[in-house]
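The structure appears right after this line, and notes come after that.
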């Protein structure tokens, strides 16, 4: 069953007959070639909002996801994470850029061929209840994708739907004839996963899939996603603002700020050696209790930036030539308004959480994004070049790219 | 799931604490967390609905089979003594020309019911269809359709009907067309608003990414959620049209005599209100009871069809 000819003619057969291949994922499937599962180049999404008001939701995003890889996409609320995901899924029309899925360029596709390509990308949404049609029974919800594409007979669809329900950890005979409101949030999210798997996609976009769930249920859904990723050999784009979740599921992480990517790195690299000041701010926004104990004593799963990692960062900030008035010697106490999170840079890891919150005045609007580097109004390292020039994406260490004029470079150890 | 089989509960909790935090199957077991099947409570329409719906059906059947009923003809002058009160021969009495009032009410219901249901049916199809499309597609079509709806709504409906009646003698067909036209805008707005709120839901987005066509999304994802508010609103619309016909008839601008309608019967009887009140009273009761029944049906339907969406 695991070695089907994946020709397009047999697509129907493949979808209906694909079942759990436990332990069968040896990484030797056809997708593992040179073509990445997803390639995004210069993606722009600008949404007109009334007269002459344009929301610059996504302004030139480059991303690529290898086959069976999980890319985490993090950033604060409103930075364009979800819009990026929706644009890739074809739910939002991009105003510019190129999206290629498994080598197929989406730009210029229309009608049926576009709908067909869209099938290879499926999305899991944040709100589990809203993701399901409240008037359709669970079984019907999972059979619907097959009905859309007229795959199989009703009996075959039914059998496949029941099988999928079982695969996502639901008991088919208990949930099949229920309506979404009769299930818990976690169960609804499982149904969403099953529906997304129906058409055997290549790429799964998870838009904050566990944010609306009870903490105790989050882990189960993450496990489920992990399992189906292996079973179905999926690539995943995992959008979240929860860094500890992203750290646990991702192979690589992209950090997004105001519609642009600031840093992309392998997950361990990013959490241990953040190079973009914004990434550092994000990492510091995670509340960590028991400051007096060493980081080694923290429970597993708790994200923590180790103290040694911060030393060189402080050094960089101090030793930067003071080309701008706003940044000079951190120790010399420059005006507060210019240095929103000066507090923790100075105090290092001991910094109180409150001082990491940006002032309301420095939170920029996507209606009129700042010039140059979009992070410069909030950045403690900003100089005059940051206000005028957009920093290019540079690969500073293998697989670690940063868009910053003054990256927080680590000494090679 | 990799759950070790522990020897004691204490050992189990220690086991859980020491393994990875994401490997824990003690909670969210699908079988135990599923709520038990809902009882029939809240799923039935209740006796009030059935009494009200039964009354409407009875009135409609009487209207359809009026010719078969053992009644004097509605326009038979002198079938009884003029202005006679209710008696066994004439249950609802007779009017000033000796016509049987019960017969006239039953035949008159044809006008009210046909007008009410036909005009709203047309309005629902046109207004509802436009509302679905405008609400889902948005853009210039939505802007234009919405602006037109505002203009029609801003026009006083009775004034429009009076103006039209002044130009040409009202017939049933003309009245149906006029009321249908007037019902399009409000029904459009109701459906459009409901569509907009549903179209932004994630399940519509999911259907789109599954490759569903726009028409399929409209018919299978959005329409089922819009239908309850449309049905209950349309039912209220039928009642409003029946009242509207009554108002026009009272002004002498509805179906002209001798064809009876509830409205023109009430209007006719008002000269005898002090001495022979039943001439107006019985058609008024007929109209009142049907309107009440329609309102109750609308109310129960919207309650019943409104599927819960929140969590239990």
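Where a number appears in this text, it was derived from the coordinates with a stated rule and is not lab data. The structure presented is a predicted model; accordingly, all values stated were derived computationally and were not measured. Please note: Cβ atoms are built from the backbone with ideal geometry, for glycine as well, and neighbour counts cover all protein chains shown.
Relative to 2.2 N^0.38 Å, what does the C-alpha radius of gyration of the stretch B:123-196 come to as a ratio? Two decimals please.
Output field value: 1.20.
Could you compute Rg(Cα) / (2.2 N^0.38 Å) for the stretch A:28-186, with N its residue count?
1.22
To the nearest whole number, what is the average tally of beta carbon atoms from other chains within 10 Å of the beta carbons of peptide B:190-203?
Rounded to a whole number, the mean comes out at 3.
Which Rg and Dmax, in Å, describe the Cα atoms of the stretch A:73-116?
Just the Cα atoms of the stretch A:73-116 yield Rg and Dmax of 11.8, 36 Å.
Could you compute the FRET efficiency for residue B:144 and residue B:65, with r as their C-beta to C-beta distance and R0 at 41 Å, rounded to 0.05?
Plugging the Cβ-Cβ distance into 1/(1 + (r/R0)^6) gives 0.35.
Take peptides A:96-107, B:146-157 and line them up by average Cβ neighbours within 10 Å, highest first, as a rough protection proxy.
Sorting A:96-107, B:146-157 by mean packing, highest first, produces A:96-107, B:146-157.
Find the Cα radius of gyration of the stretch B:231-312, compare it with 2.2 N^0.38 Å by division, and give the number to two decimals.
Normalised Rg, Cα atoms only: 1.46.
Give the Cα extents of the stretch A:131-227 along the principal axes, in whole Å, largest first.
So the extents along the principal axes, rounded to whole Å, are 40, 30, 20.
Rank the residues B:262, B:55, B:278 as a footprinting-exposure proxy: fewest other Cβ atoms within 10 Å of their Cβ go first.
So the ranking, lowest neighbour count to highest, is B:55, B:278, B:262.
Once you place label points 7 Å from the Cα toward the Cβ at residue B:158 and residue B:77, how far apart are they in nm?
3.2
Considering only DSSP beta bridges where both residues belong to the stretch A:154-266, give the percentage that are antiparallel (nearest 5).
55
For A:173-183, what's the mean count of beta carbons from other chains sitting within 10 Å of each residue's beta carbon?
Average neighbour count from other chains, rounded to a whole number: 4.
Take every residue in peptide A:83-92, count the Cβ atoms of other chains within 10 Å of its Cβ, and give the average of those counts.
The per-residue average across the peptide is 2.
Between residue A:286 and residue B:121, what's the calculated FRET efficiency when r is the beta-carbon distance and R0 is 56 Å? Round to 0.05.
Once rounded, the FRET efficiency stands at 0.40.
Which of B:50, A:149 has the fewest other C-beta atoms within 10 Å, and how do the rest follow up to the most?
B:50, A:149
Where does each of A:220, A:406 land when they are ranked from fewest to most other beta-carbon atoms within 10 angstrom?
A:406, A:220
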